[in-house]
Amino acid sequence: MASGPTTRRTFEPWDDPKSKPILRVSSVSKSYGSVTAVDQLSLDIHRGEFFALLGPSGCGKTTLLRMLAGFERPDTGRIELDGVDMTAVPPYRRPVNMMFQSYALFPHMSVEGNIAFGLKQEGLPAREIKTRVAEALALVQLPDYGRRKPHQLSGGQRQRVALARSLVKRPKMLLLDEPLAALDRKLREETQFELMTIQEQVGITFVIVTHDQDEAMTMASRIAVMDRGRIAQVAPPTEIYEQPNSRYVADFIGSVNLFEGNYVGGDGAPTMRCAEAGCDLSLAQPLLVAPGHRLWVAIRPEKLEISREPPPPGTLNCLSGVVWDIGYLGDFSTYRVKLDSGKIVSAAEANRMRLTERTISWEDRVYLRWVPQAAVALLS
């Protein structure tokens, strides 16, 4: 079986004009009294995607997921699944399953009973139910746990049982509402890769709601970053991180340094005049805006080179400041540098060798620099 990253690199149906989405959300809105939870939202998700809805609490991602499941009905708009209008179809008639954050296992039933429950409700033959339950248990690597009760399982095992129960009915789409939130960090990271492997094996479209950026970046083929009921950007994880389309997306995904200034046109290299940086910042390419236009430059901490040695004269994008704070995180260290303007800038450096003595310490004067291609210019 191909590894997850290799599979996702060649899986890009959203770039194929002939590819028809399995899910089409068109101008959907949902309000609760005076509060608009989802606002004129449109979205296409393709067959076989592992799609993430990402955003802070209150951005509308769970409301959208519940409308896809049929637990909420949109005030306006249309939801189509595999070409069929599902807007007014009740949950039990949709070819969709939802895995809840709480797992919602029946405590009095065995693992097998929990997984078989939905199949029995559909009236399937006992032999087929037994076969499909065994296949589901094998899929989630719990073949010998069928007779146990939920209270006899660890949190990670209960999560797998809930996943098996959701998949055993073979839905066209699986909706996951913060499914890993109850797990500790190490188990959560391990389970992310397990979910990716399972999704590739079954080929079902997964739509996951999460506020965990690392979770979405690890698992998703594409991410929709949501803000106040709308989608700010939809793109693969690498594009979301490296080419955010706004300050909101840049600031929400990972750590970022944002510099504000005004565009400088002319015949020379494009630059931004930036008082808080203490110098003009060189841009990677010209922008289609007039000189003086307000903009921002976003640069990730790991793209910055930090050194105590002054760079050669004429070095582009070179800032100077004093180390204000240091965070040691094992695999890398974060340096918070206070520029002469008072602005705090973060730089990250990998700890490639065991630290016996720091080369950079508190209150050291340091120099930060980056190549123009490492930053992105934002107009909003």
Determine whether segment 126-134 contains at least one residue that is assigned to a loop (DSSP other than H, G, I, E, B), of a type outside the set (Gly, Ala, Ser) and free of Cβ contacts under 8 Å to residues at least 12 places away in the same chain.
no
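Output the number of residues of segment 288-329 satisfying the condition of being aliphatic (A, V, I, L, M), in contact with a helix residue (DSSP H, G or I) (Cβ under 9 Å, 6 or more places away or on another chain) and part of a strand (DSSP E or B). Steps first, answer last, please.
At the first step, the residues of segment 288-329 found to be aliphatic (A, V, I, L, M) are 288-290, 295, 297-299, 304, 306, 316, 319, 322-323, 326, 329.
Remaining after also requiring in contact with a helix residue (DSSP H, G or I) (Cβ under 9 Å, 6 or more places away or on another chain): 298-299, 304, 316.
Keeping just the survivors that are part of a strand (DSSP E or B) gives 298-299.
Final tally of qualifying residues: 2.
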Starting from residues that are under 17 Å from Gln192 (Cα atoms) and among the hydrophobic types (A, V, I, L, M, F, W, C), keep the ones in segment 111-141 and report whichever is surrounded by the most Cβ atoms within 10 Å (Cβ to Cβ).
Val140
Please tell me if Arg73 is farther than 11 Å from Leu176 by Cα and not aromatic (Phe, Trp, Tyr).
yes
Residues (farther than 17 Å from Gly278 by Cα and in contact with a Pro (Cβ under 6 Å, 6 or more places away or on another chain)) located in segment 324-376
Ala347, Ala348
Return the pairs, sorted by first residue and then second, in which the second residue is part of a helix (DSSP H, G or I) and surrounded by fewer than 16 Cβ atoms within 10 Å (Cβ to Cβ), the first residue lies in segment 301-326 and is not assigned by TED's automatic domain parsing to the domain that holds Ala275, the beta carbons are less than 7 Å apart, and the residues are 6+ apart or on different chains.
none
Considering only residues that are among the hydrophobic types (A, V, I, L, M, F, W, C), touching a helix residue (DSSP H, G or I) at 6+ places or on another chain (Cβ under 9 Å) and surrounded by fewer than 12 Cβ atoms within 10 Å (Cβ to Cβ), look in segment 1-46 and name the one that is modelled with the highest pLDDT.
Ala2
Please go through segment 68-112 and give me each residue that is within 22 Å of His46 (Cα to Cα), part of a helix (DSSP H, G or I) and without any contact (Cβ under 8 Å) to a residue 40 or more places away in the chain, ordered by number.
Pro91, Arg93
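The values are calculated or read from the model by the stated rules, or taken from the named source; none is laboratory data. What you are looking at is a predicted structure, and each value in this text was computed from that prediction instead of being measured. Note that we place each Cβ from the backbone using ideal geometry, even for glycine, and neighbour counts take in every protein chain shown.
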